[in-house]
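The values are calculated or read from the model by the stated rules, or taken from the named source; none is laboratory data. Note that this is a predicted model, so its numbers are computed, not measured. Neighbour counts run over all protein chains shown; Cβ positions are idealised from the backbone, glycine included.
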Amino acid sequence: MPKINADTLEEHRSKVMKDLLDGTERILLSHGSRCLTTAAVAAEAGIARNSIYRYVHSVDDLVEMVLTRGFEEWTAQVRAAADAAPDARSAVIAYVHSNLTQAFSGQHELQQALPASELTPSARARIGMMHRGIAAVLRDSVAALDTSNPDLVASAVGALVDRAVTSSDTVDSPEDAARITVFTCAAAAAVVDADLTGATSVTDSPHPR
């Protein structure tokens, strides 16, 4: 029986699993998927290589679990930000701000470290489902607006967020991150306001001066 470094077997297994996931994430962020081997993960987690198979079937399982953990945390924060907003318009802007805050804090690096071509079909399917979960927060917020074009508004705001999140990988300074975040939030607000005020031409302004 393996040595247990916790009060109970369940606590021990939970700790080892967390160490495996944390170790997998560190390797991916530091060296990329090319260095992700059973031996490397075991060494990073501080356990014997063969012990990994008591917890997962393969390194691919660990990759999927790490990505799922990241998406779950990301989605929870976005949902909490939108839910805390005082009204639907603010919820849309909070959705944008929360996504970019996480992207610029480095949360997007893990996804960039793993091209879709290197993922198993199961992992790709899981990631697709998680992306849809994040997008559902935006759809719920837009649905609460008195808008005549909910699908168009959600698509436009979603495209703004996607582009800004992608740019996070090339942003080097907090000032640039803040500038992009402010711009994207303002652009999302303009999309919402243009629909709410019934703009009928490109010269219409949701905030006439």
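Considering region 1-40, the residues that are of a type in the set (Ser, Thr, Tyr) and assigned to a helix (DSSP H, G or I) include one that is modelled with the lowest pLDDT, namely 33.
Does any residue of region 78-96 turn out to be at pLDDT below 95, out of contact with any helix residue (DSSP H, G or I) (no Cβ under 7 Å at 6 or more places or on another chain) and either exposed (fewer than 13 other Cβ atoms within 10 Å of the Cβ) or under 20 Å from residue 36 (Cβ atoms) (or both)? No, region 78-96 contains no residue that is at pLDDT below 95, out of contact with any helix residue (DSSP H, G or I) (no Cβ under 7 Å at 6 or more places or on another chain) and either exposed (fewer than 13 other Cβ atoms within 10 Å of the Cβ) or under 20 Å from residue 36 (Cβ atoms) (or both). For residue 164, the conditions (1) assigned to a helix (DSSP H, G or I); (2) on the phi > 0 side of the Ramachandran plot are fulfilled apart from (2). Under the condition of being part of a helix (DSSP H, G or I) and surrounded by 18 or more Cβ atoms within 10 Å (Cβ to Cβ), the residues counted in region 45-58 number 2. Counting only residues that are touching a Gly at 6+ places or on another chain (Cβ under 9 Å) and within 30 Å of residue 195 (Cβ to Cβ), region 44-78 holds 2 of them.
Selection of first residues in region 150-178 that are among the charged types (D, E, K, R) and of second residues that are exposed (fewer than 13 other Cβ atoms within 10 Å of the Cβ) and in a helix (DSSP H, G or I), restricted to Cβ pairs under 7 Å at least 6 apart or on distinct chains, gives an empty result. Against the test of being assigned by TED's automatic domain parsing to the domain that holds residue 160 and of a type outside the set (Phe, Trp, Tyr), the options 49, 89, 26, 34 yield a single qualifying residue, 89. Summed over region 142-160, residues that are modelled with pLDDT of 95 or more and either touching a Ser or Thr at 6+ places or on another chain (Cβ under 9 Å) or surrounded by 17 or more Cβ atoms within 10 Å (Cβ to Cβ) (or both) total 7. Restricted to region 24-44, and to residues there that are charged (D, E, K, R) and touching a residue at least 12 places away in the same chain (Cβ under 8 Å), the residue that is surrounded by the fewest Cβ atoms within 10 Å (Cβ to Cβ) is 26. Of the candidates 107, 112, the single residue that is modelled with pLDDT under 85 and surrounded by 18 or more Cβ atoms within 10 Å (Cβ to Cβ) is 107.
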